[in-house]
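What follows is a short report on a single structure.
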Amino acid sequence: MIRFRLRERMADKAFREGRIVKMQEVADATGVNRMTLSKMANHRDHSCRTDVLDRLCKYFECSLSDIAEYVPDGAVSESSKGSVPPNRQAVRKQRQAVKSRRLPE
């Protein structure tokens, strides 16, 4: 199965730029529908066209292996299929860190 690492790339960009990067911003900048991006980030077994991957690589200035990775079928348990990706907690922590840096002391 192919796992998309869209949220990780968004979190990396947010950290580098010191701001929050929203899904709509990525959609506007790449021309990829926001719903497509949401499905890539949240649904297992979602497929997308290669032009979408190309646009995302250009936007995030990264290689294809930074956007998508192969995960053997045995590495994904049946109980976790369709659940929230485990990296969601890490993304939330990074967003909180970005927000806390913007607040006055």
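The values are calculated or read from the model by the stated rules, or taken from the named source; none is laboratory data. On a predicted model such as this, the values are computed, not experimentally measured, just so you know. Positions of Cβ are generated from backbone atoms using ideal geometry, with glycine treated the same way; all protein chains shown enter the neighbour counts.
Looking at segment 31-45, is at least one residue assigned to a helix (DSSP H, G or I), at pLDDT 95 or above, among the β-branched types (Val, Ile, Thr) and in contact with a Lys or Arg (Cβ under 7 Å, 6 or more places away or on another chain)? Within segment 31-45, none of the residues are assigned to a helix (DSSP H, G or I), at pLDDT 95 or above, among the β-branched types (Val, Ile, Thr) and in contact with a Lys or Arg (Cβ under 7 Å, 6 or more places away or on another chain). Considering each residue of segment 60-74 in turn, none proves to be at pLDDT 95 or above, surrounded by 15 or more Cβ atoms within 10 Å (Cβ to Cβ), touching a Leu at 6+ places or on another chain (Cβ under 9 Å) and of a type in the set (Gly, Ala, Ser).
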